[in-house]
């Protein structure tokens, strides 16, 4: 695994726990952790249970005993690492967004294509693996809400409401590519497309930055550490609003924001169809709202389904009905799905091509926002 | 009162009940009901308690013993009636949207200006009078959420999901002006502006019609009655999506739809500020969500305030805390506010100028939607 | 109508509004208001729209042009007035609880029986007329939740949490009979029996008073007015807890409290059956929760039904789907049902016998509470 | 660890994950798993990651290299194993309820006392370690809701609604001691006492069994396996209702049921105090409702606190705010607290004495239920 921040912790938990609850066709070994600096990487490895460490990701790519590379670094370094790994014949799991620029994402997807039929690349949109989201997709794909007409997707956070929140790498365009758009909007777009089975073909967007300067962090590269008295420029959006049309005829509204006071992690998605609707909220991730418009009119309403029954996606491995799963379970399911696909020589989903397509949508939003919200094709 | 459809019932209840619960400076008399046809108007007058009837609204305008005209007809007839009434020196309460076209709305506003300082005109955005909405405005205006940054306003209904829902006047451009945009979007825009105290200065919009043909109604003018086997063209939008910028620096997203399966009357508005947020949902109209970002971090969360305390707006006249009000109470409060303002020779709010400004926003959305969502000024 | 406090306002609204929204077979006239003192009664009559007034309820009973007496006084005076009215051949609508003592309730029921087949008496459990509650009964009675097994009913208020809340008549045993038990518990018992169709046959109870002294009110009889520095003894319970068994085999838990901090008017009732459940909460009175255990296991959950469809009880007279009703609508429905039953010479429900049966349950709770919670028969 | 059913899986996850997220003063080793039969125990050990296995728990007790015994067997075997372990100087973590009979629980507590000041015993009420529950205790103990007056605690499940649910050991008095009472009621009592800091001194109870016969399981001892056509007698309650008084003056109502159709794992607890209230629901375990009666009256309401901030109990070790924890995290926290207390030579809570006290309350409920609900002391 390359990188060991917040995502590194989540991925480590995924690799560790997946083989305990699921009967995997191969047991993943947490062999080598790559970090930028020593002793940071050793500490992380000790904490998260990785056997060895290095500060040079090329070591990981070159080692024969390593089959797969898990990339959890900031987006700016994804392309270089992923392409090298694929060229070395390693399977790759890469965090989202796939890359910071469309060009990098295209190069990565091409590298995945070149890597041949036995080497697989996957991008880490883990929210697809929240059981309620996977179940929502099942309901929509089975026709339970009819023809999909409207999607409203919002991903609301509020950690930038405070003007003293420091200038981390996530607020710098050269490290993060974009702000709320790439970090949160990417999830909203991927989940909307995953659940509906439709793809965004055009968008009109609006980007905004409310707080333009923030305290610099002490560390030189600005990637971590404590705040200072100096201030630096925020070079990414903190709110992204966009509308979109889908290839199946649906229309959608999207919002990604780090300025929605009081909303901590509210990835919410409602899909309205000709005969029903589904409603998902990541802050209540063990539930799914389902409206069946074919029920008798006096009995219609949103049903609050606890997605904890053995027949719900991934649930047979876990606890009795009514016992909640949490955030990191998505990473456990991701590890499971990745291992299974690779051993069975299937392309794991979402592929790099899927990640690239999400990038194209985000790129369209940026271009539209730069052109007075003019409608912009994304295909 | 001119007109006696759904709105006529609501307004009648407002006039009847207001003097029972509020100590008004003058008691309104329900003198004359105007309808298009006899005996329809007599039946309505008997049912809703109006003393006399006529089928000619000019009669109402000309009678000396009538002080105020309440217009509850479809939007296409608002201008002619309101202007004549104002010219005759009558106070006017006119249902929203103010008119079907910007030109009519301008003419009405000019007529209100010309009518002099003792003749007043008001437009019927009653949702301002839902206690929770009025209380939300109070919180925002008193600085309880800090500087307003984001507004997300949706007005979700679903009565057009069924493709067999008939082609009423509300689906015909010549009668209704627009569809979800003017009917529902007008409320969303007015309420957003009322609560934040900011006005929309520019928009980018998208209009959509999912069902293009619907059963014609039997009655010639297509304004009422039962469905037939013939079909006619739907000439208005059934979904309107738009983003906007406000003159105080806030940005907003708006949705007005009659296609949101399972949502019956969900006018929802969340305002995110630099130190708090408020959340309103008309389907749960006795509550307001309030988030105070200045509370200790472990105690922060949305507080579900039951807006039924005596110190909440309008509530001292009603029931003990915890006893719900309903939809028609907004009309009771509107009658109260209108009577009080007129007797005290104050301009009742919202004025025709306020209504016109909302029309300008809706007009901007239509123009933007017709120009590939290009950003469009509304001032 | 005899009495003009909080209940008088609600009943007046019921009489005034019912004929406007429902096609009644007879139009009620608000003829005579009876109050203890002048000019209080004149002021109330003017406010609520009663034609004449008197300070002697016997006048009302004796007048030939009065067909029905509506009693909204404290419980201690119910028996005398109701019996006199029935003996004079007047129909009677009497607020709950039927009486303060079992003996009075028995005498009233006997008077109703003696009054003959064309004179009717009804007790005012209006919450039966909240559409969601009436719909819940329909679901249960039609077998939609199977065999009823468990009922949990709570009626939670908090207006006595403040130790400075004054000593009104509701806190004095001689006026009110009991405290939370008779005021709130009566509703919980009636609604539980109404929805399930089962009757309580035995109980075990616990009564408690947390605040034993409160400020006396200035007015001599202690029935109204402002608080003083003197304190008087609270002679009723502020919390009642009891369990019960029903004649159909169900078991129930009940709570009535004025000490449930933060709960304003939370009459909540959940009925669990062998194939489903219903959940009602008066604070969210336009909704009903319904769980259908016969649905596919992955789609089960409580459906939040907005009880505002035309096919729901009472709703065809009101607004479009999704538009809320409020507290006083129950009184409108009560007026409607009372007038219809009388004109059609049917016994309106709930009868005095129904009210007496509820009294027996409350009496059983008091006896059990006085005997160390020992199980006590109530039939 | 002795036992490897549902609880074994949860405890294993606790031992494995705790040292990864918390800096423990000692790292637990998952040394030896004890099961009744081979190869069942080997399969479980492989799956859950235990190094060795045995089918004789006495082996575990005798091994010098084992410091602590974790008992997750049915309640009937707790006493024998725990006492032997304590006598051998092992620390003991024992699942709840402490034992099936009061006598056994007393013997276990005496054994813990006899074991000396460096050997510790703890009972596994893990719900204390749900962050929202621990935070609720903090709020109450810090006086944020004032003097505690009322507790309503329900633990609602529905897995016995289906009459074909098989006769597992949990439905047999000789294995499980009691039914819903001991399994669910024990949690409700412990959590109520934990949060309020008050102890139950007396109870009045009602036990009920709705389904008296169920399909027998194939396996001889009836502890697992598939259902058969034969039926056996259910010898425990499926519903327990009781009221209680606490030593600090509060009163409480309790319900434990496996018959609450549609409720899967609803351990709900509301504590009403003289100046506030808290509300917890295990089905929404990442939230806590908090009502502050000292707030301005127009701003009062239940605040829905997401208990995911770094300053909330246990949260600094986990994910960013807004990211949910799940059911098994309570077991991780339990492992952490147990290890820390032992290394620091502190008594871990809850002790066997705490577990015994809960048993006394449950025993009181059973005695009261057997005596027509007569009030019964539990101290």
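What follows draws every value from the coordinates through simple rules; no lab data is involved. This structure is a prediction, so every number in the text was calculated from the model and none was measured. All Cβ positions, even for glycine, are placed from backbone atoms using ideal geometry, and neighbour counts span all protein chains on display.
Over chain A, Cα pairs under 8 Å with separation of 6+ residues give a relative contact order of 21 percent.
Taken residue by residue and averaged, Cβ atoms of other chains lying within 10 Å of the Cβ of A:284-293 number 5. Using C-alpha pairs below 8 Å separated by at least 6 residues, the relative contact order for the range B:99-206 is 34 percent.
Computing Rg and the Kirkwood Rh from the Cα coordinates of the range A:94-135 gives a ratio, Rg/Rh, of 1.08.
Kirkwood hydrodynamic radius of the range A:10-53, from the reciprocal of the average inverse Cα-Cα distance over all distinct pairs: 11.1 Å.
With R₀ set to 25 Å, the beta-carbon distance separating residue C:51 from residue B:23 gives a calculated FRET efficiency near 0.80. Taking the range B:182-203 and a reference point 7 angstrom along Cα→Cβ of residue B:377, the backbone N atoms nearer than 15 Å belong to B:200-203. Counting every pair of alpha carbons in the protein assembly as shown, the share spaced more than 56 Å apart comes to 27 percent.
Take residue A:67, move 7 Å from Cα toward the beta carbon, and the resulting point lies 3.6, 8.7, 8.7 nm from the same point in each other copy, nearest first.
The rotation axis bringing chain D onto chain B passes closest to the chain D residue reported with its distance as D:303, 2, by C-beta distance in whole Å.
Computed over the range D:309-379, the convex hull of the alpha-carbon atoms projects to a mean area of 7.4 nm².
Over the range A:248-379, what is the relative contact order in whole percent, taking alpha-carbon pairs under 8 Å and six or more residues apart?
Across the range A:248-379, relative contact order equals 10 percent.
Quotient of the Cα radius of gyration of the range B:6-127 and 2.2 N^0.38 Å, N being its number of residues: 1.03. Residue exposure proxy: A:56, C:190, ordered by other Cβ atoms within 10 angstrom of their Cβ from fewest to most, comes out as A:56, C:190.
Using bins of 20 Å that start at zero, the share of Cα-Cα pairs per bin across chain B amounts to 28, 60, 12, 0, in whole %.
Taking a point 7 Å out from the Cα of residue B:231 in the direction of its Cβ, the residues of the range A:139-182 whose backbone N falls within less than 17 Å of it are A:147. Of interest is the spacing of the C-alpha centroids, which for the range A:7-72 and the range B:94-169 amounts to 57 Å. Share of pairwise Cα-Cα distances greater than 23 Å in the range C:254-379 is 57 percent (whole percent). For the protein assembly as shown, DSSP calls about 70 percent of its internal beta bridges antiparallel. Shielding by partners for peptide A:253-261, expressed as the average number of C-beta atoms from other protein chains within 10 Å of each residue's C-beta, is 6.
Legend: ranking of residues D:234, B:358 from fewest to most surrounding C-beta atoms inside 10 Å; resulting order D:234, B:358. For chain C, the 222 nm mean residue ellipticity estimated from helices alone, with every DSSP H stretch of n ≥ 4 adding -39500 (n - 2.57) and the total spread over all residues, rounds to -9000 deg cm²/dmol. Could you pull out which residues in the range D:260-304 have an amide N less than 18 Å from a spot 7 Å beyond the Cα of residue B:141, following the Cα-Cβ vector? Of the residues in the range D:260-304, D:298-299 have backbone N under 18 Å from the label point off residue B:141. Take each residue in B:294-300, count the other chain C-beta atoms within 10 Å of its C-beta, and the mean is 6. Of all DSSP beta bridges confined to chain A, the antiparallel ones make up roughly 70%.
Only counting other Cβ atoms within 10 Å, I'd like D:155, A:314 sorted with the fewest neighbours first.
A:314, D:155
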